[in-house]
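> I have a structure here, written as structure tokens, and I will follow up with some questions on it.
The values are calculated or read from the model by the stated rules, or taken from the named source; none is laboratory data. Given the structure is predicted, the values throughout are model-derived calculations rather than measurements. When we count neighbours, we look across all protein chains shown, and the Cβ atoms used for this are built from the backbone with ideal geometry, even at glycine.
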Amino acid sequence: MDFASPPFHTLAQATLGPEAIALLSASAISAAGLALLMQPSRKSSSNPSDKFRLDGLRIAGTVIALAGFAMLLVEVIKRATTDGEASTIPPVFPMIFGTIALAGAARMVTHPKPVFAALYFILVVIATAGMFLLLGAEFMAFALIIVYAGAILITYMFVLMLAQQSPVEGVGDAWYDRVPRESISAVFVGFVMLATLADAYFSGTTQKFLADRRVDGETRSVESAWDRLDAMPKLLLETARDAYATQWKAERAAAATSATAGIDAAAPTLASIVRKADGTALSRMDGGRSVEAKLADGNSVVVSIPDTMLPDNSRQVGVDLVSKFPAGLEIAGVVLLMALFGAVILARKQIELGEDERRGLAGMRRITVDGEAGGLR
Amino acid sequence: MNEALSSLPTAVSPLTFASSDAATINIALLVSALLFACGLVGFLSRRNMIIMFLCTELMFQAAALAMIAFGKVHGDLSGQVFVIFILTVAAAEAALALGLVVLLYRRRETLDSEAWSELREA
């Protein structure tokens, strides 16, 4: 692993070649589109006939932002290389999910109604979860939907409903929701951020580095998946049992030309896995791993487990979480607990106590003379 | 048999339907960069405090997407484990930030962040 010399070149070293200029101009175009979208709508919600009138500025912004995004997509796909050759099949699903996510994000940033902005954020979360699925992170995809769209966003909605003033009749949404603050400068800062990130991600050196890593990343993910299975004795035994059942059936079917009777009989159950001297159980074989196991009668058999029977993503993430980052897991628990306390203390209603109530709470005698509360009784 | 299996494209291989081809990863990185930029723009330009915090959540999403994409490149699950931690921090942040927003709202009866602009220096 050569992490000492990262391929991400700094902007100071960057030369503005035609490649970089194409990326920069595409970023600039999408930023300009976003800037147009951010301008407050000139439609007034008080006039009902205005409601369906199309806003020219908004349409122009949408078209320009989409054009910029399409240019960026084309640039980015053009730079993706496999073994030195550009990809031929355009990845349809990532493009669809990416477009949904970005449209949702743009609308969330520009929408004058906070509740709608929160709903658009849920759209972004769901589209991102789709991207996670495409990248092989199934557990995180569903955890994201459950935790983000299900829990965090509901909290946001709750607070929005709690704190949002109802729109005044004839005025529409609150002023501070309609008019953005310094939208041009904000979009410029966003553009600089985007240009830097895009230049770092999609420059030739980074793309070459990523292509190199990807080649052994494929095999490494399978290798480490086998290692994780090896570290889970119970799951290993279950997997070996499943694999042995199919293997036994296939063997019986192959030998069944003379005696067809016993095919339907169940395979004998594996009792235990035999570990080798170095503590590992799995040995390499073509297209998977093989493991030696003991049957209930003491005979040992060799079971071959194909690559398709690897543990699924959520089990692997779980093993990695507790074996590689146990301290992080504990700290995450503490952070959540502290956040719980903090939220309770922050949101508690502050009641101003007078001198007398404080005396009463402290267990001292109250000094009130009038009224029935407290008093000298 | 095994050769036939391994010659199938990754997208339909029974091992995983996830594709790790370069274009997918590049698109994921692009979407992550754009989402982060959108979140940054929103945080800087919106005045509603709740929306500002929502925009930081958008930036969290972008970071999570980048982590998972790079984790896919390296064939490593640490990226996904880190996204769990991001999720934890996001949940804690949401709880605290919203408590704070409720507190600030009670004081000024508005969600406008400019209402608190006297807190800044000079």
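> Conditions: (1) closer than 27 Å to A:Thr196 by Cα; (2) within 7 Å of another protein chain (Cβ to nearest Cβ); (3) modelled with pLDDT of 90 or more; (4) crowded, with 20+ Cβ neighbours inside 10 Å. B:Gly71 meets all but one. Number of the miss?
All conditions pass for B:Gly71, except number (2).
Residue by residue, here is whether (1) outside any loop (DSSP other than H, G, I, E, B); (2) among the small types (Gly, Ala, Ser); (3) more than 7 Å from chain B (Cβ to nearest Cβ); (4) without any contact (Cβ under 8 Å) to a residue 40 or more places away in the chain holds:
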{"site": "A:Val124", "(1), (2), (3), (4)": "yes, no, no, yes"}
{"site": "A:Ala127", "(1), (2), (3), (4)": "yes, yes, yes, yes"}
{"site": "A:Gly136", "(1), (2), (3), (4)": "no, yes, no, no"}
{"site": "A:Ile152", "(1), (2), (3), (4)": "yes, no, no, yes"}
{"site": "A:Tyr156", "(1), (2), (3), (4)": "yes, no, no, yes"}
{"site": "A:Ile184", "(1), (2), (3), (4)": "yes, no, yes, no"}
{"site": "A:Val187", "(1), (2), (3), (4)": "yes, no, no, no"}
{"site": "A:Ala195", "(1), (2), (3), (4)": "yes, yes, yes, no"}
{"site": "A:Asp199", "(1), (2), (3), (4)": "yes, no, yes, no"}
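Conditions (1) at pLDDT below 90; (2) within 30 Å of A:Arg315 (Cβ to Cβ), marked per residue:
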| position | (1), (2) |
| --- | --- |
| A:Gly98 | no, yes |
| A:Ala105 | no, no |
| A:Leu133 | no, yes |
| A:Met140 | no, yes |
| A:Val159 | yes, no |
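> Let me ask something additional. Return yes or no: is A:Pro306 surrounded by fewer than 14 Cβ atoms within 10 Å (Cβ to Cβ) and either out of contact with any Leu (no Cβ under 9 Å at 6 or more places or on another chain) or farther than 22 Å from A:Ala137 by Cβ (or both)?
On the way: surrounded by fewer than 14 Cβ atoms within 10 Å (Cβ to Cβ): no; either out of contact with any Leu (no Cβ under 9 Å at 6 or more places or on another chain) or farther than 22 Å from A:Ala137 by Cβ (or both): yes.
Criteria not met by A:Pro306.
> Here's another thing I want to ask about it. Examine the stretch B:51-72 for a residue that is of a type in the set (Gly, Ala, Ser), farther than 19 Å from B:Ala90 by Cα and touching a residue at least 12 places away in the same chain (Cβ under 8 Å), and state whether such a residue exists. Before you say what the answer is, go through the steps one by one.
Just the residues of the stretch B:51-72 that are of a type in the set (Gly, Ala, Ser), to begin with: B:62-64, B:66, B:69, B:71.
Restricting the remaining residues to those that are farther than 19 Å from B:Ala90 by Cα gives B:69, B:71.
Okay, now just the ones that are also touching a residue at least 12 places away in the same chain (Cβ under 8 Å), so B:69.
The answer is yes; a qualifying residue exists.
> Based on this model, can you work out whether A:Val76 counts as assigned by TED's automatic domain parsing to the domain that holds A:Leu194 and under 15 Å from B:Leu35 (Cβ atoms)?
Working: assigned by TED's automatic domain parsing to the domain that holds A:Leu194: yes; under 15 Å from B:Leu35 (Cβ atoms): yes.
The answer is yes for A:Val76.
Residue by residue, here is whether (1) out of contact with any Ser or Thr (no Cβ under 9 Å at 6 or more places or on another chain); (2) aliphatic (A, V, I, L, M); (3) surrounded by fewer than 19 Cβ atoms within 10 Å (Cβ to Cβ) holds:
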{"residue": "A:Leu134", "(1), (2), (3)": "no, yes, no"}
{"residue": "A:Ala141", "(1), (2), (3)": "no, yes, no"}
{"residue": "A:Tyr148", "(1), (2), (3)": "no, no, no"}
{"residue": "A:Ala151", "(1), (2), (3)": "yes, yes, yes"}
{"residue": "A:Ala186", "(1), (2), (3)": "no, yes, no"}
{"residue": "A:Thr196", "(1), (2), (3)": "yes, no, yes"}
{"residue": "A:Phe202", "(1), (2), (3)": "yes, no, no"}
{"residue": "A:Leu229", "(1), (2), (3)": "no, yes, no"}
{"residue": "A:Leu237", "(1), (2), (3)": "no, yes, yes"}
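> Give A:Ala225, A:Ala250 a once-over and let me know the one that is farther than 30 Å from B:Tyr105 by Cβ and modelled with pLDDT under 85.
On the way: A:Ala225 fails: modelled with pLDDT under 85.
Going through A:Ala225, A:Ala250 in turn, the sole match is A:Ala250.
> Just to check your reading of the model, which residue among A:Ser87, A:Ser41 is modelled with pLDDT under 85 and within 11 Å of chain B (Cβ to nearest Cβ)? So that I can check it myself, show each step before the final result.
Numbers: A:Ser41 fails: within 11 Å of chain B (Cβ to nearest Cβ).
One residue alone meets the criteria, A:Ser87.
> State the number of residues belonging to the stretch A:311-353 that are within 7 Å of chain B (Cβ to nearest Cβ) and at pLDDT below 85.
2
> Would you mind stating whether A:Gly217 is in a helix (DSSP H, G or I) and in contact with a Cys (Cβ under 9 Å, 6 or more places away or on another chain)?
On the way: in a helix (DSSP H, G or I): yes; in contact with a Cys (Cβ under 9 Å, 6 or more places away or on another chain): no.
Considered against the rule, which asks whether it is in a helix (DSSP H, G or I) and in contact with a Cys (Cβ under 9 Å, 6 or more places away or on another chain), A:Gly217 comes out as no.
> Just to be sure I understand, how many residues within the stretch A:273-330 are free of Cβ contacts under 8 Å to residues at least 40 places away in the same chain, touching a helix residue (DSSP H, G or I) at 6+ places or on another chain (Cβ under 7 Å) and acidic (Asp, Glu)?
Residues that pass the stated criteria total 1.
> Also, I was wondering about something else. Every residue in the stretch B:72-91 that is in a helix (DSSP H, G or I), closer than 25 Å to B:Asn26 by Cβ and not aliphatic (A, V, I, L, M), please.
B:Lys72, B:His74, B:Ser78, B:Gly79, B:Gln80, B:Phe82
> Across the stretch B:33-66, what is the number of residues that are of a type in the set (Phe, Trp, Tyr) and within 7 Å of chain A (Cβ to nearest Cβ)?
Step one: list which residues in the stretch B:33-66 are of a type in the set (Phe, Trp, Tyr), which gives B:36, B:43, B:53, B:60.
Now restrict to residues that are within 7 Å of chain A (Cβ to nearest Cβ): B:36.
Qualifying residue count, the stretch B:33-66: 1.
> Of all residues being among the aliphatic types (A, V, I, L, M) and farther than 15 Å from A:Gly318 by Cβ in the stretch B:76-95, which is surrounded by the most Cβ atoms within 10 Å (Cβ to Cβ)? Just the residue, please.
From the stretch B:76-95, those among the aliphatic types (A, V, I, L, M) are B:77, B:81, B:83-84, B:86-87, B:89-92, B:94-95; that's our starting set.
Now drop any that are not farther than 15 Å from A:Gly318 by Cβ, which leaves B:86, B:89-92, B:94-95.
On the way: B:Ile86: 16, B:Val89: 15, B:Ala90: 22, B:Ala91: 20, B:Ala92: 19, B:Ala94: 24, B:Ala95: 22.
In this case the residue turns out to be B:Ala94.
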